[in-house]
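*Asks:* Quick one: the structure is below, questions incoming.
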Amino acid sequence: MNFDKNRFQTETVTLNGETVRFRSWRNLSYVDRPVNPEFQQMNIFAPEDYFEGKSINGYRLATAPVFMPNTVGGYMPGMLNQPGCTHFGPARPNSIFCALQHGYVVAAPAIRGRTQKDESGKFTGKAPACIVDYKAAVRYLHYFAADLPGDENKIITNGTSAGGALSALMGACGNHPDYEPYLKALGAADAGDEIFAASCYCPITNLDHADMAYEWQFLHVNDYHRRHMKLNEGGRPSFTPVDADMTPLQIKTSAEEAAMFPAYVNSLQLKDHAGSPLVLDRNGEGSFKEYVKQIVLASAQRAIDNGLDVSDKKWLTVKNNKAVAMDFAGYVKDITRMKTAPAFDDLTMNSPENNLFGSETTDCRHFTAYSSQNSLADGSLAESGVVKLLNPMYYIEDEKAVTAKHWRIRHGECDRDTSLAISAMLTVKLQNNGARVDYHAPWDTPHSGDYDLEELFAWIDSICK
Ligand code: DHB
């Protein structure tokens, strides 16, 4: 592990008629004792203008924020990335390209994921590998800050879905000693891993409570709709729609999971802006539910203000161009259920999360008491200490953690990969502990990210300048 500022390349990338010139430092190992060298490395990019004494958007070489996106999805390995086009959805310039254009320095790490093995067949990317790698990459940035481009006190992590969850973890648990043994074992740099701000798109987080949150939201919606991915002969993904009904066991599970959610929400002792408690009664009704409804209403309101027609949403009441009320059950039925119960800790251990919580020698494990007790696969239970390491909720009020002051969380209004309650609880817990959170559920937006980079960058500028 080292950094030689003189070993760079000057590169040019043109997309859609727009060109960025930048310096690159590629394939930097961010630990001394990697277990998977190909993935424990990072690329760093900086606008070339800065080396010619110019400024961009008011930033200079030493003051530019360091944008740090990850490419993790599905808790799979996150590939090393570079300025170019997005890999998923419609091809558009990716966040790295746009960030350089905007004047940010970009640090883009690869990160280990749940499917990786070493030569002896031992799994090397199970939890907590993903968060340990992200932290190690940040430690590298702090350690070599004097030689690196940009202001390493202004690191902003960014990710979507599982990657959004990792960004949230980075924001929540900076420098926490729980991660120290893992970082030491890898030979991470002797520096802090705190960050300035976290940008999180639809974080698939709080995994040990995501099942109950999902069933609280989708209770009584017993049909599910998703797309099953298969790779065709050319290796490209193809999707087949799956429309089916939950089995009697899944319906029973749904009710049992939903029944556990109020006690969890109430245990968090969340408070709204006015200091009033956000709670649920045993039927899942109460001020926390009203709070989640307000998130959806705020989403609809922004859509209306932007001139969108929302009249097809029969669950929404609009009066004088104001979204004034909603029928939660109607909303949930309309966006539809994607996952069967339990949504994350699958009783047959077939979910990405079961795979994430495997061990060096076991591919999949349970990570909640409920699913472990009701396992249909005779599965074992991951250590509670490891489950904790993947959940930012445990660290936000922990004095031993440095929690970022600035957060931007986006969770699409019709996202069905996890409950809206998950990002709502994260947001309120952060706010209750003094963090500033710019939170919104963009209208008619499914599980996705990086769709509003201009607004994201405006937010970054607002907190950095
Ligand atoms: C992702 C999506 C999921 O539904 C999930 O359970 C885990 C990860 C993702 O897109 O990263």
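*Asks:* Lys and Arg at +1, Asp and Glu at -1: add these up for the other residues within a Cβ distance under 9 Å of TRP459 and post the number.
*Replies:* -2
*Asks:* Shifting gears a bit: Below 8 Å between Cα atoms, with a sequence gap of 6+, how large is the relative contact order for the chain in percent?
*Replies:* 16 percent.
*Asks:* Something else about it: Determine the relative contact order of region 337-465: mean sequence separation of Cα pairs under 8 Å and six or more apart, normalised by residue count, in whole percent.
*Replies:* The value is 18 percent.
*Asks:* With a cut-off of 8 Å between alpha carbons and a minimum separation of six or more residues, what is the relative contact order of region 327-404 in percent?
*Replies:* Once divided by the residue count of region 327-404, the mean separation gives 20 percent.
*Asks:* With θ set to phi - 60°, apply the Karplus curve 6.51 cos²θ - 1.76 cosθ + 1.60 along region 160-177 and write out the HN-Hα couplings as whole Hz, x wherever there is a Gly or Pro.
*Replies:* With coefficients 6.51, -1.76 and 1.60, one gets 10, 6, 4, x, x, 5, 5, 4, 5, 5, 4, x, 7, 10, x, 6, 5, x Hz.
*Asks:* With everything on Cα atoms, drop me the angle between helix 453-464 and the longest principal axis of the chain, reported from 0 to 90° to the nearest 10.
*Replies:* Between helix and principal axis, roughly 70 degrees.
*Asks:* Here is a further query. Is region 38-168 rounded, prolate or oblate when judged by the Cα gyration tensor, a ≥ b ≥ c being the square roots of its eigenvalues, rounded requiring a/c under 1.5 and prolate requiring a/b larger than b/c?
*Replies:* Prolate.
*Asks:* Restricting to Cα atoms and excluding each atom paired with itself, what does the Kirkwood estimate give for the chain in Å?
*Replies:* Final number for the Kirkwood radius of the chain is 22.9 Å.
*Asks:* How do 46-56, 129-139, 436-446 rank on mean C-beta neighbours within 10 Å, highest first?
*Replies:* Highest mean packing first, the order is 129-139, 436-446, 46-56.
*Asks:* Near the amide H of MET338, under 5 Å away, which other amide H atoms are found, from residues 5 or more places off or on another chain, if H is placed in the peptide plane?
*Replies:* Under 5 Å from the amide H of MET338 lie the amide H atoms of HIS225, each far enough along the sequence or on another chain.
*Asks:* Using only Cα atoms and rounding to the nearest 10 degrees, what angle (0 to 90) does helix 420-432 make with the longest principal axis of the chain?
*Replies:* That helix lies at roughly 60 degrees to the long axis.
*Asks:* What is the angle, in °, between the Cα long axis of helix 129-143 and the longest principal axis of the Cα atoms in the chain? Nearest 10 is fine, range 0 to 90.
*Replies:* In the chain, helix 129-143 runs at an angle near 40 degrees to the longest axis.
*Asks:* To the nearest Å, what is the center-to-center distance of region 1-51 and region 403-450, using C-alpha atoms only?
*Replies:* Cα centroid to Cα centroid, the span is 30 Å.
*Asks:* Right, another one. Mind checking which lysines have their C-alpha under 29 Å from LYS339, skipping anything on the same chain fewer than 8 residues away?
*Replies:* LYS117, LYS126, LYS230, LYS252, LYS289, LYS293, LYS313, LYS314, LYS388, LYS429
*Asks:* At 1.002 mPa s and 20 °C, plugging the Kirkwood radius over alpha-carbon pairs of region 219-287 into Stokes-Einstein gives what diffusion coefficient in µm²/s?
*Replies:* In µm²/s, the coefficient is 140.
*Asks:* Compute and list, largest first, the equivalent-ellipsoid semi-axes of region 203-256 from the alpha carbon gyration tensor, each √(5λ) rounded to a whole angstrom.
*Replies:* After scaling each eigenvalue by five and taking roots: 27, 16, 8 Å.
*Asks:* While we're looking at this one, here's another question. In nm², what is the average projected area of the convex hull enclosing the Cα atoms of region 264-370?
*Replies:* 9.9 nm²
*Asks:* To continue, here is another question. Around PHE328, under 9 Å between beta carbons, what's the net of Lys plus Arg minus Asp minus Glu among the other residues?
*Replies:* That works out to +1.
*Asks:* Roughly what % antiparallel, to the nearest 5, for the DSSP beta bridges in the chain?
*Replies:* Expressed as a percentage, antiparallel bridges in the chain total about 60.
A short reminder: the numbers here are calculations on the coordinates, not readings from a lab. Quantities reported herein were computed from a predicted structural model and do not represent experimental measurements. Cβ coordinates were reconstructed from backbone atoms using ideal geometry, including for glycine residues, and neighbour counts include every protein chain displayed.
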